[in-house]
Structures are given as structure tokens and as C-alpha cells.
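The block underneath contains the structure these notes are about, expressed in C-alpha cells.
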Amino acid sequence: MNTDRWEKPHPVAAKAAEAVASRFAGAVLGTTIFRGEVTLVVAPSRIVGIGRFLKLDPDFSFDLLTDLTGIHFTDRDHEYEVVYLLYSYRNNCHLRLKIRLAETNHAPTVTGVWKTADWHEREAYDLVGIVFDGHPDLRRILMPDDFEFHPLRKDFPLEGHGA
């Protein structure tokens, strides 16, 4: 069995990580390669510009936001993470971006970069409580409009509220 394909990152993903670090000085807070998948932790204020660069640069063409999810933590120095899973059809390549929100639960919207972010951001808002500033229609998508809580937060009671 060839384990190299599980350990080495796709050359385009590796090149994209280097290009982002070079072009957006100070914006890359960390880089991880695990089982050949590249993850960049980037400054929240730079996510839109980085996303636009990765989508529009012809060498990378990360034209599909396959998923976006929000995560709530109670035991880290940051309370929230937003994870962006990107795909390039041209290069048959994946890349993961993360932003960490320590001071606030607000993140900039990327709906201007990838239209599919509309529904993904609404779901992260609804279930985790991350507010996407500039989102064109940030409202609940799964829970009732009058529901006050966010059920995927770690502090949400397993029995639910009112049990």
C-alpha cells in the first residue's frame, strides 16, 4: 500500500498555502498538514480577501466552498472556530481554512466570494450562534424563529431547555 499519498499534501494545496502566507503577511496564524490535507488558520479579518484570492487566482481556482461549519469550545483560548472546506475542480484539490474567534462570536461573511456560503453561514448562526457580519439574510434556518438558544453549543443542556 502506498502511504505517501496519505502523507504528502497535494502540490497545489501546498503552493496555495505558501502563496497565502506570502501575499497576506501576518494573516496566517498556523499551518497543519495531516494525512495529506492542508489546513491554514488565518486571521478572521482577512478571510474574505484570502478566500477571494484562492478562488480567483488561476493557479488555484478554489471555486467551490463545499462546506462551512461553526464549532463552539469551552476549554480553549478561543470560544469559536469557523471551518471553510474549499475545492478546486481544475486541480482536483482540497484546502481547509479556519478562523478562530476569541473575543466575539462575529465573523465576516464570505457570501460575496462563494454564494453557497449563504446557507452554510445561516446554519452555523442557527445552531452555534456565530454571527456573520454583512450576511444578506442572516436568520434561522432549522430552529424556530423564537428559539433563544443554539443547540450545538457545548453549554447547551443534553436534556434541552425546559426539561
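So here's what we get for this one:
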{"item": "Set E79, E7: member being without any contact (Cβ under 8 Å) to a residue 40 or more places away in the chain and more than 27 Å from V131 (Cα to Cα)", "result": "E7"}
{"item": "Spans of helices (runs of 4 or more DSSP H) in segment 1-118 with at least 1 residues surrounded by 15 or more Cβ atoms within 10 Å (Cβ to Cβ)", "result": "11-23, 47-56"}
{"item": "Count of residues meeting criterion [free of Cβ contacts under 8 Å to residues at least 60 places away in the same chain and either basic (K, R) or touching a helix residue (DSSP H, G or I) at 6+ places or on another chain (Cβ under 6 Å) (or both)] in segment 82-100", "result": "4"}
{"item": "Qualifying residue in segment 73-81 (condition: closer than 23 Å to W119 by Cβ and not acidic (D, E))", "result": "yes"}
{"item": "In segment 119-163, residue surrounded by the most Cβ atoms within 10 Å (Cβ to Cβ) [restricted to those that are aliphatic (A, V, I, L, M) and either at pLDDT 80 or above or in contact with a strand residue (DSSP E or B) (Cβ under 9 Å, 6 or more places away or on another chain) (or both)]", "result": "I130"}
{"item": "Residue check for T39: modelled with pLDDT of 95 or more and over 21 Å from G134 (Cα atoms)", "result": "yes"}
{"item": "Residues (closer than 16 Å to A21 by Cβ and more than 12 Å from the chain's Cα centre (by Cα)) located in segment 47-62", "result": "G49, F53, L54, D57, D59, F60, F62"}
{"item": "Selection count where residues are among the charged types (D, E, K, R) and within 12 Å of the chain's Cα centre (by Cα), scope segment 94-131", "result": "4"}
{"item": "Where a residue in segment 12-36 is more than 16 Å from L86 (Cα to Cα) and its partner, wherever it lies, is among the basic types (K, R) and surrounded by 12 or more Cβ atoms within 10 Å (Cβ to Cβ), with Cβ under 7 Å and at least six apart", "result": "F24/R46; A27/R46"}
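The values are calculated or read from the model by the stated rules, or taken from the named source; none is laboratory data. Here the structure is a predicted model, which is why all the values come from computation and not from measurement. Backbone-built Cβ (ideal geometry, glycine too); neighbour counts: all protein chains shown.
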